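Reading through the structure tokens given below for one structure.
The values are calculated or read from the model by the stated rules, or taken from the named source; none is laboratory data. Please read all numbers here as calculations on a predicted model, not as lab measurements. Please note: Cβ atoms are built from the backbone with ideal geometry, for glycine as well, and neighbour counts cover all protein chains shown. The accessibility values were calculated without ligands, DNA or RNA, using every heavy atom of the protein model including side chains. Shrake-Rupley method; radii C 1.70, N 1.55, O 1.52, S 1.80 Å.
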Amino acid sequence: MLELIRAGGWPMIPLLLLSAIALAIIVERFWSLRRDRVLPPGLGDEVRAWVARGKPLDPAHVDSLRSNSPLGALLAAALDVRDRGREVIRERVEDVGRHLVHRMERYLNTLGTIAAAGPLLGLFGTVVGMIEMFLGILDHGIGDANQLAGGIGKALVCTATGMLVAIPALAFHRYFRGRIAGYIVDMEHEAIRLMDVLDAAPAPNAPAAKSTN
């Protein structure tokens with residue numbers, strides 16, 4: 001790291017800090033956006049079977065479902081207003097879904113900012129290095145051509161580093177956005193299937209129909 005700072009000068013310090021932040025965000029989002037954490041396998045089937053039995057829903061069970069995962073929170077939101085009609089359920093699911101998207105996109109704006117700022121910081125470092133080099137030429141003359149070429153190469157290290165920071169940050173930013181979009185589609189599908197079951201499920205403790213014979 002010290003060698004990189006010597007090669008590119010002080011503008012390398014913010015670039016290295018940005019690279020560390022980007023790496024931390026990428027690792028954290030990979031951990032938080034695992035499929036089995038967002039969409040636990042079998043959870044939708046379990047909730048639909050639970051509702052289809054037509055028994056009263058235990059509030060503690062619903063709260064446990066809400067804290068289970070993002071999918072659980074979405075299904076619990078539908079169960080909270082299960083007696084108010086399909087349109088009300090749909091509106092509640094959409095409202096909760098927006099909050100879940102915001103939660104899953106945590107830190108992605110920062111990652112996108114790093115992807116945009118990396119090349120600019122690299123270019124800034126290169127410009128600073130070139131200015132210093134030409135001011136040296138103004139004071140001491142051109143001198144050794146090899147030394148001049150080395151100064152130009154040193155200035156360009158910042159540009160290369162900025163690109164090395166920005167390209168992975170941009171790639172993972174797009175990747176996580178795509179993963180979240182796929183999760184949202186799957187969660188909406190599970191919510192719609194639950195609404196269908198709620199429409200067809202018998203009311204809890206509903207009286208049996210009397211025989212006409």
Would you mind listing the helices (runs of 4 or more DSSP H) fully within the stretch 1-110 where at least 3 residues are closer than 22 Å to Leu121 by Cβ? 2-8, 12-32
Sole residue being over 30 Å from Thr159 (Cβ atoms) and either open to solvent by less than 80 Å² (accessible area, probe 1.4 Å) or in contact with a His (Cβ under 7 Å, 6 or more places away or on another chain) (or both), chosen from Asp95, Asp63: Asp95
Mind listing just one residue for me: the one in the stretch 98-122 that is among the β-branched types (Val, Ile, Thr) and in contact (Cβ under 8 Å) with a residue 24 or more places away in the chain and, of those, nearest to Val157 (Cα to Cα)? Ile114
Could you please give the count of residues in the stretch 81-96 that are modelled with pLDDT under 90 and within 11 Å of Ile192 (Cα to Cα)? 2
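Per-residue answers, yes or no, for (1) more than 19 Å from the chain's Cα centre (by Cα); (2) modelled with pLDDT of 90 or more; (3) over 27 Å from Ala200 (Cα atoms):
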| residue | (1), (2), (3) |
| --- | --- |
| Leu57 | yes, no, no |
| Pro70 | no, yes, no |
| Ala115 | no, yes, yes |
| Phe124 | yes, no, yes |
| Glu132 | yes, no, yes |
